[in-house]
Amino acid sequence: MDLLKVSLLGLISGIAGTGAGGLMAFFIKDISNRSLGFIIEFSSGLMTAVVCFELLPEAFEFGGIYLTFVGVVAGILTIIAVEEFLNKTDYIRRKYKNSSLLKTGMLTAIGLALHNLPEGIAVGSGFGASIELGLTITLVILIHDVPEGIAMALPMRLGGFGSFKAFFYTLLTGVPMGIGALVGAFLGGISEKMIGACLGFAGGCMIYIVLGELIPQSKSLYRGRLPVIGNMLGLICGIIVTA
């Protein structure tokens with residue numbers, strides 16, 4: 001498969017997955033804390049499964065334990081730095097009534113954009129091995145990007161962004177996947193250790209976002225049993241998808 005086709009397929013699948021979830025911004029203007037907590041926890045479980053059963057195992061295979069560990073720590077520290085920047089940005093707190101929920105959506109968007117870059121590399125490398133492998137990886141990524149798009153769009157929408165603005169930012173997070181697919185397809189023989197470090201970095205970003213932002217935000221919205229069930233369902237669905 002030629003370079004342009006692989007890049008376009010990576011770009012389209014990245015935008016289509018998150019964009020499908022982002023469409024929720026147009027249809028939901030108000031939602032109960034109970035339902036929003038369920039959606040956020042479902043996405044948390046799904047992301048946890050992707051990190052634990054897809055990203056990190058592949059990272060260990062390509063980069064080894066030490067390089068993967070460095071990547072994970074770097075990803076966590078990066079999101080912490082972004083979080084601190086957003087916490088110190090008075091603009092968000094002054095302009096938007098629910099700045100905490102909006103910050104959760106923005107951090108999720110940033111983390112997923114970083115997460116989609118190495119996924120794009122995986123798509124490009126997969127097509128380099130075989131068309132069947134490339135298509136399989138693309139389909140898996142597209143499926144698990146849908147609830148992740150919801151986890152971005154709804155907090156941004158309910159935090160104060162307009163429907164189009166929330167949807168637009170959600171679409172943007174799919175662009176790095178096209179860039180990653182281009183890099184993976186073009187380089188082909190890219191260092192396996194570098195791929196491992198990138199996957200570890202993406203995993204670190206997602207781990208911190210799930211444990212440090214999404215789950216605490218869900219608990220602050222609703223502390224009942226439904227969000228916990230959502231988390232377990234997301235985890236089970238994530239295991240099925242990554243399998």
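The values are calculated or read from the model by the stated rules, or taken from the named source; none is laboratory data. Note that the coordinates shown come from a computational prediction; the quantities given were computed from them, not determined experimentally. Virtual Cβ from ideal backbone geometry, glycine too; neighbours counted across all protein chains shown. When the accessible area is computed, the model is the full protein with side chains, heavy atoms only, and any ligands, DNA or RNA have been set aside. Shrake-Rupley method; radii C 1.70, N 1.55, O 1.52, S 1.80 Å.
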Yes/no for G224 being open to solvent by 40 Å² or more (accessible area, probe 1.4 Å), assigned to a loop (DSSP other than H, G, I, E, B) and either touching a helix residue (DSSP H, G or I) at 6+ places or on another chain (Cβ under 9 Å) or modelled with pLDDT under 85 (or both): no
Unique residue being part of a helix (DSSP H, G or I) and at pLDDT 85 or above when the list is L158, L182, L199, L211: L211
Hits in the stretch 129-146 - residues which are at pLDDT below 70, within 20 Å of P176 (Cα to Cα) and hydroxyl-bearing (S, T, Y): none
Considering residues of the stretch 162-177 that are assigned to a helix (DSSP H, G or I) and open to solvent by less than 40 Å² (accessible area, probe 1.4 Å) only, the residue nearest to F27 (Cα to Cα): S163
Qualifying positions in the stretch 94-113 - modelled with pLDDT under 70 and of a type in the set (A, V, I, L, M, F, W, C): L101, L102, L112
The stretch 226-243 residues that are within 12 Å of F53 (Cα to Cα) and in contact (Cβ under 8 Å) with a residue 40 or more places away in the chain, paired with ones that are open to solvent by 60 Å² or more (accessible area, probe 1.4 Å) and not aromatic (F, W, Y) (beta carbon under 6 Å, 6 or more apart): V241/I143
Subset of the stretch 29-53 (residues that are open to solvent by less than 30 Å² (accessible area, probe 1.4 Å) and over 13 Å from the mean Cα position of the chain (by Cα)): L36, G37, E41
Candidate set: the stretch 189-221, residues that are open to solvent by 20 Å² or more (accessible area, probe 1.4 Å) and among the hydroxyl-bearing types (S, T, Y); chosen: the one nearest to the chain's Cα centre (by Cα): Y208
Residue count, the stretch 59-93 (criterion: modelled with pLDDT under 85, open to solvent by 50 Å² or more (accessible area, probe 1.4 Å) and either under 10 Å from A197 (Cα atoms) or touching a Ser or Thr at 6+ places or on another chain (Cβ under 7 Å) (or both)): 2
